[in-house]
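Undergrad: The structure follows.
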Amino acid sequence: MARPQTKKALLSQSQDNFEKMSSLIDQFTPEQEQQIFSFEDRDRNVRDVLIHLYEWHQLLLNWGEENHVNRHQADFLPVPYNWRTYGDMNVQLQKKHQDTSLNDAKAMIAESHTKVMTLINQFSDEALFTKRYFPWTGTTSVGSYCVSATSSHYDWALKKLKKHQRTLKE
C-alpha cells in the first residue's frame, strides 16, 4: 500500500487499516485473543500489539500537544530514548502493560485512534506534508509522524495479527 501523501489519503488509509485490524481481532475467539503467539516476538499477544499502538498514539498526541498547542518544543521520543534506542523503549512499553487487560487495551486503542484522527484533522495538507513546515519536526513533516503512528503502524499490526491467525490454523 502506498504511503499517504495527502490528508484525505492519510485519514482514509488510517481508518481503513484500523477497521481491518479491529475486524480481524473480532474473528478470534476469546481464547485466541488471549493466547500467547506461537512465534517469537517482543509482542506476545493481541493485547501487546494493541498497547504498542496505543503507546505510539500517546507519543504522537503528546508531541503534537506540546509543540503545536503549547508552543513548547519537545522531542517525539521521551528521554532517555532516541531513534537508535527506541527499540528499548518499545520493550519497556510492553512490560509496563502486562497487567492491562485485553478489554482495557481495546478501549484504550479505540479512544486514542479517535484522538489521533482528530489531531490529523487539525492540520492542512500543506502543514501535514511539507517538510520543515514547523520547526519542531526537524527535517521531516508532521504527516510523516502521523503516517508512522497510524496507517503504517496499523499495517504492521495487521501483519502480526494475520501471522497469529495463520499459526492458529496450523
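The values are calculated or read from the model by the stated rules, or taken from the named source; none is laboratory data. These numbers were taken from a predicted model, which means no experiment stands behind them. Neighbour counts run over all protein chains shown; Cβ positions are idealised from the backbone, glycine included. Note: areas computed on protein heavy atoms with side chains; ligands, DNA, RNA excluded. Shrake-Rupley method; radii C 1.70, N 1.55, O 1.52, S 1.80 Å.
Undergrad: ALA9 versus (1) within 24 Å of GLN165 (Cα to Cα); (2) without any contact (Cβ under 8 Å) to a residue 12 or more places away in the chain; (3) in a helix (DSSP H, G or I); (4) aliphatic (A, V, I, L, M): which is the lone unmet condition?
TA: All conditions are met except number (1).
Undergrad: Residue pairs, Cβ under 8 Å, 6 or more apart or interchain, first in segment 132-146 and over 19 Å from VAL116 (Cα atoms), second open to solvent by 100 Å² or more (accessible area, probe 1.4 Å). List them.
TA: Listed by first residue and then by second, the contacts come to TYR133/GLU126; PRO135/GLN73; GLY138/ARG132; THR139/LYS131; THR139/ARG132.
Undergrad: Across segment 73-110, what is the number of residues that are under 16 Å from HIS153 (Cβ atoms) and open to solvent by 100 Å² or more (accessible area, probe 1.4 Å)?
TA: Residues meeting the conditions: 1.
Undergrad: Shifting gears a bit: For segment 61-70, give me the residue count where each residue is open to solvent by 40 Å² or more (accessible area, probe 1.4 Å) and either in a helix (DSSP H, G or I) or in contact with a helix residue (DSSP H, G or I) (Cβ under 9 Å, 6 or more places away or on another chain) (or both).
TA: Summing the residues that are open to solvent by 40 Å² or more (accessible area, probe 1.4 Å) and either in a helix (DSSP H, G or I) or in contact with a helix residue (DSSP H, G or I) (Cβ under 9 Å, 6 or more places away or on another chain) (or both) in segment 61-70 gives 5.
Undergrad: For segment 114-130, state whether one or more residues are among the small types (Gly, Ala, Ser) and surrounded by 12 or more Cβ atoms within 10 Å (Cβ to Cβ).
TA: Taking every residue of segment 114-130 in turn, at least one turns out to be among the small types (Gly, Ala, Ser) and surrounded by 12 or more Cβ atoms within 10 Å (Cβ to Cβ).
Undergrad: Hey, another quick one. When you scan segment 6-38, how many residues do you find that are open to solvent by 20 Å² or more (accessible area, probe 1.4 Å) and either farther than 25 Å from TYR145 by Cβ or at pLDDT below 95 (or both)?
TA: The number of residues fulfilling the criteria is 12.
Undergrad: Another question, then. In segment 36-80, which residue that is in contact (Cβ under 8 Å) with a residue 24 or more places away in the chain and among the acidic types (Asp, Glu) is farthest from PHE123 (Cα to Cα)?
TA: ASP41
Undergrad: Sticking with this one: For residues that are part of a helix (DSSP H, G or I), out of contact with any Pro (no Cβ under 9 Å at 6 or more places or on another chain) and either over 17 Å from VAL91 (Cβ atoms) or open to solvent by less than 40 Å² (accessible area, probe 1.4 Å) (or both), tally how many sit in segment 39-60.
TA: Number of matching residues: 12.
Undergrad: Within segment 131-170, can you find the residues that are open to solvent by 10 Å² or more (accessible area, probe 1.4 Å), part of a helix (DSSP H, G or I) and touching a Ser or Thr at 6+ places or on another chain (Cβ under 6 Å)?
TA: Hit for segment 131-170 is THR167, nothing else.
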